[in-house]
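Before any comments, here is the structure.
The values are calculated or read from the model by the stated rules, or taken from the named source; none is laboratory data. Predicted, not measured: the structure shown is a model, and the values here were computed from it. Here Cβ is always computed from backbone atoms with ideal geometry, including for glycine, and neighbour counts include all displayed protein chains. When the accessible area is computed, the model is the full protein with side chains, heavy atoms only, and any ligands, DNA or RNA have been set aside. Shrake-Rupley method; radii C 1.70, N 1.55, O 1.52, S 1.80 Å.
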Amino acid sequence: MEEVKQAEPGRTAGQREPDGDEQAVRPGSFGAVAWARWFWRTLTSMRTALILLFLFALASVPGSIWPQRGVSDAKVSQYFSDSPALAEWLDRLWLFDVFRAPWFAAIYLLLFLSLIGCVLPRAATHLRELRKKPPAPPRNLLRLPQNASFDGDLTVEEAAKRLRRMRFRVVTGPGWVAAEKGYLRETGNLIFHVALLGLLVAVGAGALYGYRGNVLVVEGEGFANTVAAYDRYMPGQQVSAESLEPFSFTLDDFQATYIAQGERRGQPLDFEARLKVTDAPGAGQRDYTLKVNDPLDVNGTLTYLIDHGYAPTFKITDGKGQVAFDGPVPCLVVQPATFTSECVVKVPDAQPEQLGLLIGFLPTTVPMNGEWISVFPGAANPTAQVYGAFAGDLGLRDGRPQSVYELDPTSLKKMKPLVMKADPLAVGKKLDLPNGMGSIEFTGLRQWIALQITHDPGRMPALVASALSVVGLVLSLTVRRRRVWVRIGDRQEKDSGHVEIGGLTRTEGSDFSEEFAGIVAALNPGVNNDAR
């Protein structure tokens, strides 16, 4: 009679004793090492890598929705002017500086670690797999998903030769042939993941050893690639002032072309900035036409044209008859369709009191409903309209930084208004300020361009990595791993003329029947076989 064992206290009868592995992973027995091991296994799983890759792409989206510092500083400032409360919250979330945000760096680093943990073990496994020989045939080839049999004169040597001709890796044994191909599928998969890893390394190297800066240049003025010349400069941690390429250039002329007629009137056609470039101190000048997406390249340092606008020139005479200001004033665009712009002129040297002026610039001015507006972005009828002229302390000596594109609101409240919304001034016209405070004359018109200057040593490695990732993805999606076995001679009847062929694919969901039929035909040419 079968012996019935007494169940231990706390365990029902028939419940099996847990083995050592199950006991080791009980949540109650987890220590610091076990939790670290669990975290590493979770982080390096393929599912986690895919999730992090999706999050990496998703985290980059805000960079194309909101203007970014270092790329569109003027638009960021405009955002703060138009929606200060919303802009403050967006700034707290780093949405104006996405690619320097801590949360973006966290996703980047986790993805980097996850890919390392995924790729290295798989690469080692694949290398071992490449050295393995195809396995011997199973006992019954006719039970495989693809199979065929026929009688013929085929020998082991001839079968191996024909399969090698079809690029199979072949191993022979007594009365059988084993063949396999499609190793490039896993190779492509690894290339894709290694390329992603290389892409992350290239981006990191570019951030560490590269730099980026922005500068605004007015027609007739120049730029030298030094730290002091930048309006905004963002170096990598390993970049010093001596790392900058010592080139310089002068902006001779800028031309913007627009559609003049039809429904698309006012839309831009082309932008050209004509430069005179000096590649190194003491070198000769060369002419270069800078265009959008066609940067100036000086030994790997790229200069991109990213924005433009108008810079009307003014001559301001103070109350004592002295010229206190004479030069161009870059204006910020407030209506891109017509390039209606706003300028601020600060005259701290004016006597007897400092002057501050708010000026609207209209490229093509026409009257409408008692107002003056611009109807075209080109400078067909340029005018400058003084919105406000103020006298008093500009607050430039109190140590607080001020934007050159606005009057400080705190100081403005203490200043005395002189003019509020005067008639537009054409080129060459002058507006006298009341109370003997001087005059302002609109003397001419120039244009300004905004440039982004970047040096990114990871740019070419990133391009190579991107190309390799595409190649790897194509291989992993198009190549199938498959095996074929041939047994010659029935094992029971010792019939040397009987041939059995079996095949299967190691790629889930792929159809191997058509290729298998071609393999059978190649092994038994001219004979109608019963491949299923």
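Could you tell me which numbered condition residue 373 fails, if it satisfies all but one of (1) under 41 Å from the mean Cα position of the chain (by Cα); (2) aliphatic (A, V, I, L, M); (3) under 25 Å from residue 80 (Cβ atoms)?
For residue 373, the exception is condition (3).
For segment 56-159, give me every one of the helices (runs of 4 or more DSSP H) that falls completely inside it and has 3 or more residues that are exposed (fewer than 14 other Cβ atoms within 10 Å of the Cβ).
Answer list for segment 56-159: 84-92, 102-131.
Only one of 228, 260, 256 is among the small types (Gly, Ala, Ser) and part of a helix (DSSP H, G or I); which?
Criteria check complete, one pass: 228.
Restricting attention to segment 383-419, which residues are touching a strand residue (DSSP E or B) at 6+ places or on another chain (Cβ under 7 Å), of a type in the set (Ser, Thr, Tyr) and open to solvent by 50 Å² or more (accessible area, probe 1.4 Å)?
Correct list: 387, 405.
Any residue at all in segment 379-393 that is touching a Ser or Thr at 6+ places or on another chain (Cβ under 9 Å), polar (S, T, N, Q), more than 22 Å from residue 78 (Cβ to Cβ) and part of a strand (DSSP E or B)?
yes
State which residue is modelled with the lowest pLDDT when the search covers only segment 241-262 and only residues that are under 18 Å from residue 364 (Cβ atoms) and open to solvent by 40 Å² or more (accessible area, probe 1.4 Å).
Only one residue fits best here, namely 262.
Go through the residues of segment 397-413 one by one and say whether even a single one is more than 44 Å from the chain's Cα centre (by Cα), in contact (Cβ under 8 Å) with a residue 12 or more places away in the chain and more than 28 Å from residue 339 (Cβ to Cβ).
So far as segment 397-413 goes, no, none of its residues is more than 44 Å from the chain's Cα centre (by Cα), in contact (Cβ under 8 Å) with a residue 12 or more places away in the chain and more than 28 Å from residue 339 (Cβ to Cβ).
Residues of segment 103-118 being over 15 Å from residue 58 (Cα atoms) and without any contact (Cβ under 8 Å) to a residue 24 or more places away in the chain, which ones?
109
Looking only at residues in segment 172-187 that are open to solvent by less than 30 Å² (accessible area, probe 1.4 Å) and aliphatic (A, V, I, L, M), which one is nearest to residue 118 (Cα to Cα)?
179
Within segment 188-205, can one find any residue that is open to solvent by 50 Å² or more (accessible area, probe 1.4 Å), in contact (Cβ under 8 Å) with a residue 12 or more places away in the chain, touching a Lys or Arg at 6+ places or on another chain (Cβ under 8 Å) and not β-branched (Val, Ile, Thr)?
No, every residue in segment 188-205 fails to be open to solvent by 50 Å² or more (accessible area, probe 1.4 Å), in contact (Cβ under 8 Å) with a residue 12 or more places away in the chain, touching a Lys or Arg at 6+ places or on another chain (Cβ under 8 Å) and not β-branched (Val, Ile, Thr).
Would you point out the residue of segment 335-382, among those that are charged (D, E, K, R) and under 28 Å from residue 319 (Cα atoms), that is surrounded by the fewest Cβ atoms within 10 Å (Cβ to Cβ)?
349
Does residue 286 satisfy the criteria of being among the basic types (Lys, Arg) and under 25 Å from residue 340 (Cβ atoms)?
In short, no.
Go through (1) open to solvent by less than 30 Å² (accessible area, probe 1.4 Å); (2) touching a helix residue (DSSP H, G or I) at 6+ places or on another chain (Cβ under 9 Å); (3) within 30 Å of residue 510 (Cβ to Cβ) for residue 210 and report which single condition fails.
Exception for residue 210: condition (3).
If I ask for residues that are in contact with a Pro (Cβ under 9 Å, 6 or more places away or on another chain) and not basic (Lys, Arg), which ones from segment 387-399 would you list?
388, 389, 390, 391, 394, 396
Filter segment 223-240 down to residues that are polar (S, T, N, Q) and open to solvent by less than 60 Å² (accessible area, probe 1.4 Å), then give me how many there are.
The number of residues fulfilling the criteria is 2.
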